[in-house]
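J.: Quick one: the structure is below, questions incoming.
The values are calculated or read from the model by the stated rules, or taken from the named source; none is laboratory data. For clarity, every value in this text was computed on a predicted model and none was experimentally measured. Cβ sites come from the backbone with ideal geometry, for glycine too, and all protein chains shown count toward neighbours.
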Amino acid sequence: MLPGRLHEGRGDAAPREMAATRRAGSPASGAQNPAYRPAPPPSHVYRSVSPDLGSLGGVRVRRALFMAAALVLASACSSKPEVSYVRVSGPMPSLSGQTLTGEGIEPSDYTGKVVVVNFWNQDCPPCRVEMPLLQREAQRRAGSGVIVIGVLYVGGNWPDDPDAARSFLARLGITYPNVLDSSSDLARRFGIAGIPTTTVVDRSGQMRFQVLGRLHSGQLDALLAMLSEK
């Protein structure tokens, strides 16, 4: 399996709440793109398919709607959170250098730890929503061998404004390290084509999962638990 490639797997769900790479001239608060596709393009990706209710007869429509409602109710009653993710593989690309707040970060800071790498930009609406959750997770897991690292994504005409990013981090009280990916080299090596995207890396340094879209409460717990599954 090639580094950074996506792999079909059971349990993988369709991405949601993704702000796609912005086109030139589009506003910062533009609509999110539910049809986000990670790069490099995979040869096959598991997709969920919804029925075309308009093509069904009246009884079958009612039956389909009933089944959909039952699935929603069952999901709401389940103790396990829904997790939208894809499986990835390959060694984690090295993260090193100066952070946005002036500290240094080296591979020795995260070697042997579970690493949660989040690509974001201060003008991305779902990124702004999820970052307080990432901050809470970084603080809660600081003593358990889990580290969160943010990467400021400036590809696809997202603003390359480190000063604005620093002000944003200070305003939210974000203390986990964040680095600037000015050339989009990290984005290419992690296989990132839109934001927010979060990659979960195991303790051996292998990339395992990518969350395509905003993180929700409980999702990271579920993915970290999956790291220990065979």
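J.: Can residue 60 be described as modelled with pLDDT of 95 or more and out of contact with any Cys (no Cβ under 7 Å at 6 or more places or on another chain)?
T.: Taking the combined requirement at face value, the residue does not satisfy it.
J.: A further question follows. One residue is enough: does the range 122-130 have a residue meeting the conditions assigned to a helix (DSSP H, G or I) and modelled with pLDDT under 90?
T.: For the range 122-130, residues assigned to a helix (DSSP H, G or I) and modelled with pLDDT under 90: absent.
J.: Follow-up. So, in the range 81-111, of the ones that are under 21 Å from residue 221 (Cα atoms) and among the hydroxyl-bearing types (Ser, Thr, Tyr), which residue ends up modelled with the lowest pLDDT?
T.: 84
J.: Also, I was wondering about something else. Can you name the residue in the range 168-187 that is part of a loop (DSSP other than H, G, I, E, B) and in contact with a strand residue (DSSP E or B) (Cβ under 9 Å, 6 or more places away or on another chain) and, of all such residues, is farthest from residue 91 (Cα to Cα)?
T.: 174
J.: For the range 110-123, name all the residues that are farther than 24 Å from residue 226 by Cβ and either over 13 Å from the mean Cα position of the chain (by Cα) or surrounded by fewer than 23 Cβ atoms within 10 Å (Cβ to Cβ) (or both).
T.: 122, 123
J.: What are the residues in the range 209-218 that are out of contact with any helix residue (DSSP H, G or I) (no Cβ under 9 Å at 6 or more places or on another chain) and not in a strand (DSSP E or B), if any?
T.: Across the range 209-218, the qualifying residue is only 218.
J.: Is one or more of the residues making up the range 210-229 among the acidic types (Asp, Glu), closer than 23 Å to residue 126 by Cα and either in contact with a His (Cβ under 6 Å, 6 or more places away or on another chain) or surrounded by fewer than 23 Cβ atoms within 10 Å (Cβ to Cβ) (or both)?
T.: The answer is yes; a qualifying residue exists.
J.: So is residue 95 farther than 13 Å from residue 176 by Cα, in a loop (DSSP other than H, G, I, E, B) and over 15 Å from the mean Cα position of the chain (by Cα) or not?
T.: Answer is yes for this residue.
J.: Continuing with the same structure: For the range 176-209: of the residues being within 14 Å of residue 116 (Cα to Cα) and among the polar types (S, T, N, Q), which is surrounded by the fewest Cβ atoms within 10 Å (Cβ to Cβ)?
T.: 204
Here's the yes/no breakdown for (1) of a type in the set (D, E, K, R); (2) over 24 Å from residue 89 (Cα atoms); (3) more than 13 Å from the chain's Cα centre (by Cα); (4) not in a strand (DSSP E or B):
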site: 135; (1), (2), (3), (4): no, yes, yes, yes
site: 157; (1), (2), (3), (4): no, yes, yes, yes
site: 163; (1), (2), (3), (4): yes, yes, yes, yes
site: 189; (1), (2), (3), (4): yes, no, yes, yes
site: 200; (1), (2), (3), (4): no, no, no, no
site: 207; (1), (2), (3), (4): no, no, no, no
